[in-house]
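To keep things clear, I will list the structure first and then write my remarks on it.
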Amino acid sequence: MARDGAAKEEVAIKIIKDIKKMQERSDGIRKDAKRIGLVPTMGYLHEGHLSLVQLGKERSDDLVVSIFVNPAQFGPTEDLDQYPRNLERDLDLLEKAGVNAVFTPEAKALYGDNFQTYVTLDRLPAHLCGLSRPVFFRGVATIVTKLFHIVKPHVAIFGEKDFQQLQVIRRLARDMDFDIDILGGPTVREPDGLAMSSRNAYLLPQQRPAALSLYRSLLLAKDMVARGERRSASIVSETRRLIGGFEDAKIDYISIFDADTFDEVETVEENTRMALAVWVGKARLIDNMGIH
Ligand code: AMP
C-alpha cells in the first residue's frame, strides 16, 4: 500500500474524445491553479513531437496532446486520406513520455453538419506555403482556435519546423487576445539531417538523397552567407542548382525572407530566414533555417 512519501502512484493517461468532457477537465485543473500545456499534433508521432512534449512538461503542470488529422487544412487534391495514422503507438509513446491527457476528437464533433465559421489571416498566408496550399492556414487558424477554446491551455507549443505556421499562430494569439503563451521548439532532425516529419513515411529508400537536398540547401545558404555572400538571388540560384541535381526532387518554392513579415529580401540581414518546399515522390517536404 502506498504511504505518504512512498513511490509515486502511476496515473494512467486520460484519453478524451468528447469536447464537453475536455472542457470540464480543463476547468477543474484551472480551478486547482495548475498550468495547462497543449501540444497540437496530427499524430503518427516522432521525436520532433516528443521534443515539444518535453518542452511542454517543463512549462506546465498538466500536459495535453491533441491528435487530430484536421480535414479543414487539406485541399481537395491533397493527402488527407493517405495521411499516416497509428493511434495505438502514439498513445503508448505519450504515456511513456508522461503526458496527462490526449484529446482525440472525431472530425464530425469538431466540424458539424452546418459548420461555417473560419478564422483567416490577412497577410501572412500570402507567402510561402500559403501560395501552394490556399486553404491550409485558414484550416490551421480555425482548428487551433477551437483547440484553445476546448483545452484552455496556459501555454501551447509548436515546432519551428513549420515556421510560417508558428508565426501565424503567434499572430492569431495576439490579434484575438488569447491569454496563452505560444512557445516554439527547435527542429528535430534525423542523424543525416532530414527534418523529422510524419510525411517522411511516404519516402522510398532510393528517394533519401533527394529528400536530404532541403537540409543541404539550408547548410549551403548558411555557408555562403558565412563566407560573405549577401545577395539572395545568388543564394537561390546556387540552391536551385543543388536541388536540380536530383531527378526525384521538384521545387515548389525557395524563399529568402524577413522572419517577421515574410516579405522576400534582396539582401540577407540578421532577421533573414530561408525556407523551401520540395516534392520528392509523393511527399511534399518543407524545411527552414535562419541563415545569417
Ligand atoms: P504535425 O503533427 O505534423 O501537425 O506537427 C505537430 C507539431 O509538431 C507542429 O507544431 C510541428 O511544427 C511540430 N513538428 C513537426 N515536426 C517537427 C520536427 N521535426 N521538429 C520539431 N517540431 C516538429
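Computed quantities for the displayed model
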item: Tail beyond 16 Å, pair distance distribution of the range 178-228 (Cα, percent); result: 55
item: Interatomic Cα distance distribution for the range 122-176, bins of 5 angstrom, percent; result: 4, 18, 31, 27, 13, 5, 1
item: Extension gain (nm, one decimal) between THR77 and THR267, 0.36 nm per residue minus Cα-Cα; result: 64.8 nm
item: Potential extension, LYS17-ASP258 segment - 0.36 nm per residue separation minus Cα distance; result: 82.8 nm
item: CD proxy at 222 nm, helix term only [per DSSP H run n ≥ 4: -39500 (n - 2.57); per residue of the chain; nearest 500]; result: -11000 deg cm²/dmol
item: Three-way shape label, the range 140-292, alpha-carbon gyration tensor, a/c 1.5; result: oblate
item: Gain in span if fully extended, ASP122 to ARG189, counting 0.36 nm per residue against the direct Cα distance; result: 20.9 nm
item: Overall form of the range 143-229 per C-alpha gyration tensor (a/c, 1.5; a/b vs b/c); result: oblate
item: Lys, Arg +1 and Asp, Glu -1 on Cβ, resulting dipole of the chain about Cα centre, debye, nearest 20; result: 240
item: Sites GLU95 and LEU219, calculated FRET efficiency, Cβ-Cβ separation with R0 45 Å, nearest 0.05; result: 0.80
item: Sparse-neighbourhood loop sites, GluC sites (Glu not before Pro) in the range 240-277 - DSSP loop, at most 16 other Cβ within 10 angstrom; result: GLU247, GLU266, GLU269, GLU270
item: Lys, Arg +1 and Asp, Glu -1 on Cβ, resulting dipole of the range 159-292 about Cα centre, debye, nearest 20; result: 600
item: Solvent-accessible area, 1.4 Å probe, carbon plus sulfur percent, for the chain; result: 48
item: Cross-link pairs beyond the 31 Å C-alpha cut-off, checked among LYS152/LYS282; LYS14/LYS250; LYS14/LYS146; result: LYS152/LYS282; LYS14/LYS250
item: Accessible area per residue in Å² at 1.4 Å probe, computed on the chain; result: 52
item: Dipole in debye (nearest 20) - the range 60-167, about Cα centre, beta carbon charges: Lys, Arg +1; Asp, Glu -1; result: 300
item: Protection proxy ranking of 62-71, 86-95 - average other beta-carbon atoms within 10 Å, highest first; result: 62-71, 86-95
item: Whether the range 249-292 is rounded, prolate or oblate, judged on the alpha carbon gyration tensor where a/c under 1.5 counts as rounded; result: prolate
item: Among MET22, MET42, MET176: highest mean-square fluctuation, GNM of the chain, C-alpha pairs under 10 Å; result: MET176
item: Average Cα contact separation per residue, the chain, under 8 Å, 6 or more apart, as relative contact order %; result: 17
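The values are calculated or read from the model by the stated rules, or taken from the named source; none is laboratory data. Fair warning: this is a prediction, and the values are worked out from it, not measured in the lab. Every residue, glycine among them, receives a Cβ derived from its backbone with ideal geometry; neighbour counts consider all protein chains shown. Remember, those area values only see protein heavy atoms, side chains included, never the ligands or the DNA or RNA. Shrake-Rupley method; radii C 1.70, N 1.55, O 1.52, S 1.80 Å.
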